[in-house]
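Chemist: Please find one structure pasted underneath; my questions will follow.
The values are calculated or read from the model by the stated rules, or taken from the named source; none is laboratory data. Only a predicted model underlies this, so the values are computations on that prediction, with no experimental measurement involved. All Cβ positions, even for glycine, are placed from backbone atoms using ideal geometry, and neighbour counts span all protein chains on display. Ligands, DNA and RNA are stripped out before the accessible areas are found, and what is left, the full protein with its side chains, is counted by its heavy atoms. Shrake-Rupley method; radii C 1.70, N 1.55, O 1.52, S 1.80 Å.
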Amino acid sequence: MKTEDKIHLKGFRSWAEVDKDRLVHNVKSIHSRVNKDIFAVVKADAYGHGAAEVSKILQGLKPVRYLCVATAEEGRELREAGINSDVLVLGGILPEEVDIFSSYNLVPVVSDFDQLRLAINNRIKKVHLKFDTGMHRLGFYPGQLDEIIKIASGRIHIEGIMSHFPSADTDPEYTQKQITAFGKIVKQAEKYGIKPRYIHLQNSAGLEYRCDFCNSVRIGISIYGEKPSRSFSIPVKTVMSVKAKVITVKQLKKGERVSYGGTFRAPADMKIAVVAFGYADGLPRALSNRGYFLFKDRKIRIIGNVTMDMTIVDVTGLEDIKPDDTVTVIGRDREKEIYFEEVASLCNTIPYEIMCRISKRVKRVIV
């Protein structure tokens, strides 16, 4: 970490180190495999990594053509942070957001006729059309292309056509059917003279499938270094490491209980440390009595219930741990690493959720 970063972190009990080199490595690794334009997904505060900080890095990378957010408000935040890349709003355009789209030069994904008319009537310059090929969330149906053309022809620039995979990581057969269905939509659009600059369907898990008619990919979790499936073959590295300070170190006698509810009882005399990180910081309470942190490459087990602002760990036998020391909550610690996928598995959820849970009070710093 740079000296100025250390100075800037004074007063913070926890922080998340975002590794710029690893982020760049992941983008380059993905691009070298697919050789397509990249739409980098930075919604939900860049999956908890810090949207403004991450976007400043991504917008300088040649393969990255668009930054993708979920809402107009997220797009505005990027612009006000000085981001000048093209920004695609995946969640569409709502009537009360029209001024934000116009003032901040945002591009909406349009997935129904109300949104299409709204964009046209408010002189939005360009849109990406989304088609529903099996997700059944947002998107036009393939049979609606005729009406789309009647409404949009000559009135708005259709820069992109897209769809979305719901289960590329678990259902290859269904995913392949979606690719075929989307290919038919693209061909039909071409017959109407629509030749969009960008055709995108593949998400991170979808990179394992061939989609030769797509010229861009829309990726999130893989650029942050988590594999969307066990079969994911592109080498990526975890970008974020979450750190926290030790508040105090104390002794525990055999039979004494720990934390709320007393769910842990010391089987023998123990040494414990209290770490300044709890569920308000984003640590799942489900890790109570089952998760662990890292301290100088050594595992320190979580004991008792995770509390709002603090977590207690077993440091029996560690002579070198003391107050104000740093432990790793998630991520890399010297030669060892706690992966988001590992934490997610312990909590019976997905790494996306664990990433997005890291709260705003955890300072993000680029290293």
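Chemist: Across the range 15-69, what is the number of residues that are in contact (Cβ under 8 Å) with a residue 40 or more places away in the chain, over 12 Å from the mean Cα position of the chain (by Cα) and open to solvent by 10 Å² or more (accessible area, probe 1.4 Å)?
Modeler: Going through the range 15-69 one residue at a time, the tally reaches 14.
Chemist: Hey, another quick one. With the requirement that a residue be open to solvent by less than 50 Å² (accessible area, probe 1.4 Å), outside any loop (DSSP other than H, G, I, E, B), touching a residue at least 12 places away in the same chain (Cβ under 8 Å) and of a type outside the set (Lys, Arg), what does the range 344-365 give you?
Modeler: Pro351, Ile354, Met355, Val365
Chemist: What number of residues in the range 198-216 are among the aromatic types (Phe, Trp, Tyr) and either touching a helix residue (DSSP H, G or I) at 6+ places or on another chain (Cβ under 9 Å) or surrounded by 22 or more Cβ atoms within 10 Å (Cβ to Cβ) (or both)?
Modeler: Selection size over the range 198-216: 2.
Chemist: Another question, then. Would you mind telling me which numbered condition in (1) farther than 30 Å from His49 by Cβ; (2) surrounded by 20 or more Cβ atoms within 10 Å (Cβ to Cβ); (3) of a type outside the set (Asp, Glu) Ile151 fails?
Modeler: (2)
Chemist: Looking at Leu118, Leu138, can you tell me which residue is of a type outside the set (Lys, Arg), in contact with a strand residue (DSSP E or B) (Cβ under 7 Å, 6 or more places away or on another chain) and over 17 Å from Val186 (Cα atoms)?
Modeler: Leu138
To keep it simple, each residue is scored yes or no on (1) open to solvent by less than 20 Å² (accessible area, probe 1.4 Å); (2) among the β-branched types (Val, Ile, Thr); (3) over 22 Å from Pro351 (Cβ atoms).
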site: Lys271; (1), (2), (3): no, no, yes
site: Ala280; (1), (2), (3): no, no, no
site: Tyr292; (1), (2), (3): no, no, no
site: Phe295; (1), (2), (3): yes, no, yes
site: Val306; (1), (2), (3): yes, yes, no
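Chemist: Shifting gears a bit: Filter the range 232-252 for residues that are touching a residue at least 24 places away in the same chain (Cβ under 8 Å), open to solvent by 20 Å² or more (accessible area, probe 1.4 Å) and not charged (D, E, K, R); which is nearest to Val18 (Cα to Cα)?
Modeler: Among residues in the range 232-252 that are touching a residue at least 24 places away in the same chain (Cβ under 8 Å), open to solvent by 20 Å² or more (accessible area, probe 1.4 Å) and not charged (D, E, K, R), the one nearest to Val18 (Cα to Cα) is Val236.
Chemist: Could I ask something else about it? Cβ-Cβ under 9 Å, sequence separation 6+ or interchain: first residue in the range 281-304 and within 22 Å of Arg361 (Cα to Cα) and without any contact (Cβ under 8 Å) to a residue 60 or more places away in the chain, partner polar (S, T, N, Q) and part of a loop (DSSP other than H, G, I, E, B). Which pairs?
Modeler: Arg285/Asn305; Arg285/Thr307; Ser288/Ser259; Ser288/Thr263; Ser288/Asn305; Ile302/Ser288; Ile302/Asn289
Chemist: OK, next. Considering the range 235-269 alone, what residues qualify as being more than 25 Å from the chain's Cα centre (by Cα), over 20 Å from Cys347 (Cα atoms) and part of a loop (DSSP other than H, G, I, E, B)?
Modeler: Answer for the range 235-269, where residues must be more than 25 Å from the chain's Cα centre (by Cα), over 20 Å from Cys347 (Cα atoms) and part of a loop (DSSP other than H, G, I, E, B): Lys253, Lys254, Gly255, Glu256, Ala266, Pro267, Ala268, Asp269.
Chemist: Let me ask something additional. State the number of residues belonging to the range 310-343 that are more than 15 Å from Val242 (Cβ to Cβ), part of a strand (DSSP E or B) and acidic (Asp, Glu).
Modeler: Going through the range 310-343 one residue at a time, the tally reaches 1.
Chemist: Considering each residue of the range 319-330, count those that are at pLDDT below 95 and either of a type outside the set (Asp, Glu) or open to solvent by 80 Å² or more (accessible area, probe 1.4 Å) (or both), and give that number.
Modeler: Result for the range 319-330: 1.
Chemist: Identify all residues within the range 181-197 that are of a type in the set (Phe, Trp, Tyr) and surrounded by fewer than 21 Cβ atoms within 10 Å (Cβ to Cβ); write none if there are none.
Modeler: Tyr192
Chemist: Among the residues of the range 70-85 satisfying the criterion of being within 28 Å of Glu147 (Cα to Cα) and touching a Leu at 6+ places or on another chain (Cβ under 7 Å), which is least open to solvent (accessible area, probe 1.4 Å)?
Modeler: Across the range 70-85, the extreme among qualifying residues is Ala72.
Chemist: For the range 34-57, name all the residues that are on the phi < 0 side of the Ramachandran plot and touching a helix residue (DSSP H, G or I) at 6+ places or on another chain (Cβ under 7 Å).
Modeler: Residues satisfying the conditions are Val34, Ile38, Ala40, Val42, Lys43, His49, Ala51, Ala52, Val54, Ser55, Ile57.
Chemist: Of all residues in the range 127-148 being outside any loop (DSSP other than H, G, I, E, B) and of a type in the set (Phe, Trp, Tyr), which is farthest from Val87 (Cα to Cα)?
Modeler: Only one residue tops the list, namely Phe140.
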